[in-house]
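Heads up, the thing below is written out as structure tokens.
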Amino acid sequence: MAQILAPSTQWQMRVPKSSTFGSPIATKMWSSLLLKQNMKGAAKSAGKFRVLALHSENSTVNRTEKLLNMDITPYTDKIIAEYIWIGGTGIDMRSKSRTISKPVEHPSELPKWNYDGSSTGQAPGEDSEVILYPQAIFKDPFRGGNNILVICDAYTPAGEPIPTNKRHKAAEIFSNKKVVDEVPWFGIEQEYTLLQQNVKWPLGWPVGGYPGPQGPYYCGAGADKSFGRDISDAHYKACLYAGINISGTNGEVMPGQWEYQVGPSVGIEAGDHIWCSRYILERITEQAGVVLSLDPKPIEGDWNGAGCHTNYSTKSMREEGGFEVIKKAILNLSLRHKEHISAYGEGNERRLTGKHETASINTFSWGVANRGCSIRVGRDTEKNGKGYLEDRRPASNMDPYVVTGLLAETTILYEPTLEAEALAAQKVALKV
């Protein structure tokens, strides 16, 4: 992100009472792709049979579209709530739907629910019930109307958070008075790669081959440089519709790779918005017949990996004299480098090599305007004496609850000894 702006005044955890709902994402936006495929497959047959086949397919698609896009609001007060949670791998997303008797404005109005944890790798078969607690709601861009997406976290029947529930600890950190008083802002840059469905090779790449070297693809335009723009744009609009605080998007350095930014968001909201945005992206790529990958290094060799750079500031960092607070935060981060790296995403060692705009995974570093460092500080922050820092270490598959919680914990709550501070300051060349 170029800068951290003031977060939106709209409280995204609830749906405004007077919300105006537009049209949901229609399946017809992908139907042209389906028809093109059908036309290719039918070209070998006689002309009359091709026309009949296309008419039949088109009629079926049109009938299904009418049902999918039907607005049920005039006929019932009931709504559909899509309960979303994180699965057993810690990165996969699951969801199921239920009918709610009337529109709601806040997650506290929704009932708890349960699911079979033995089928998601989160509970044994003999005691498989896992309980979903609704935590945040967003407008549903697929169903439209008053229907909602519900971000949940998962607990045992006794009320204990299950191991993959990272939101619970993050919420505890963000409810600490010291953290609340510092009003932590986060701006998260989510990178991802689009893969061809049947071969799991990047979109736009020749199957089993490679495109031209990196250079023309970053923020590029043209059929030979940009692959998957429709998916990126559809996702952008769907997130805005849902109420996610998405702030931008762009094509990335590796062809077939994209990025979007979410934020500035305050505290626990940052994790809720990233997880919901990922779910929406999964659904859109599902409709498009494309595979979404959050692998931090999807293609080995001289190709950029995929990260989730996290821009961060506190109230003290944003005020006069904030650059000194930022340097103190960097000092603390250097002392807990190993703890952060271990929690910043699986497979990150394949990405953090010291090449392709990354720092080495084994060495903590910081610098002004240096994208080869662990922590980057912008020129404007240095010039103004206040602002924010960018943690460039998190991988694209990181858990935003873990990363945001750790940043707040390390920079606000962690209190190293003076001796440790002095040694660290010498090591990373910081004068605090």
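The values are calculated or read from the model by the stated rules, or taken from the named source; none is laboratory data. This one's a predicted model, so the numbers in the text were calculated from it and none came from an experiment. Cβ sites come from the backbone with ideal geometry, for glycine too, and all protein chains shown count toward neighbours. Side chains are part of the model used for accessible areas, which takes the heavy atoms of the whole protein and leaves out ligands, DNA and RNA. Shrake-Rupley method; radii C 1.70, N 1.55, O 1.52, S 1.80 Å.
Things to note:
- Judged by the mean number of other Cβ atoms found within 10 Å, the most tightly packed of the peptides 308-317, 180-189 leads the ranking 308-317, 180-189.
- Relative contact order of the chain: 15 percent, from C-alpha pairs under 8 Å at least 6 residues apart in sequence.
- Filter on 96/237; 383/427; 200/297; 178/427; 102/139 - keep pairs with C-alpha separation over 19 Å: 96/237; 383/427; 178/427
- Alpha carbon centroid spacing (whole Å) that separates the range 333-355 from the range 170-231: 18
- At q = 0.14 Å⁻¹ the log10 of I(q)/I(0) for the range 173-428 amounts to -0.94, computed by Debye summation with a single uniform scatterer per C-alpha, solvent ignored.
- Student exercise, the chain dipole from Lys, Arg, Asp, Glu Cβ charges, in Debye to nearest 20: 1180
- Taking each residue as 0.36 nm, the span from residue 214 to residue 379 lengthens on full extension beyond its C-alpha to C-alpha distance by 56.8 nm.
- Among the listed options (i) 65, 52, 38; (ii) 56, 56, 51; (iii) 82, 54, 46, the one matching Cα extents along the principal axes in Å as calculated from these coordinates is (iii).
- Relative contact order, whole percent, for the range 313-414 stands at 34, derived from Cα pairs under 8 Å and 6 or more residues apart.
- Degrees, to the nearest 10: 322-335 long Cα axis against longest axis of the chain: 80
- Distance between modelled label sites at residue 224 and residue 363, nm, 7 Å Cα→Cβ extension: 3.9
- Ranking 275, 241, 417 by Cα position along the charge dipole of the range 173-428, where only Lys, Arg, Asp and Glu carry charges on their C-beta atoms, puts 417 farthest toward the positive end.
- Cα centroid separation, the range 115-168 to the range 248-295 (Å): 20
- The chain: angle of helix 269-288 to the longest principal axis, Cα-based, in degrees nearest 10: 30
- Charge dipole (debye, nearest 20) of the range 173-428; +1 at Cβ of Lys and Arg, -1 at Cβ of Asp and Glu: 300
- Inter-label distance, residue 197 to residue 249: 1.9 nm, where each label sits 7 Å from its Cα along the C-beta direction.
- Unit charges at the beta carbon, dipole of the chain: most positive-side option, 403, 75, 313: 75
- The chain: angle of helix 229-242 to the longest principal axis, Cα-based, in degrees nearest 10: 80
- Applying 1/(1 + (r/R0)^6) with R0 = 51 Å to the Cβ-Cβ distance of residue 176 and residue 64 gives a FRET efficiency near 0.55.
- Gain on full stretching of the segment that runs from residue 96 to residue 75 - 0.36 nm per residue minus C-alpha separation: 5.3 nm
- Note on residue 370 and residue 237: the extension gain reaches 44.7 nm, defined as 0.36 nm multiplied by sequence separation minus the Cα-Cα distance.
- Segments 392-403, 163-174, 116-127 sorted - mean Cβ within 10 Å per residue, highest first: 392-403, 163-174, 116-127
- Percentage relative contact order, the range 63-163, counting C-alpha pairs under 8 Å, at least six apart: 27
- The share of accessible area on the chain that comes from carbon and sulfur is 52 percent, using a 1.4 angstrom probe.
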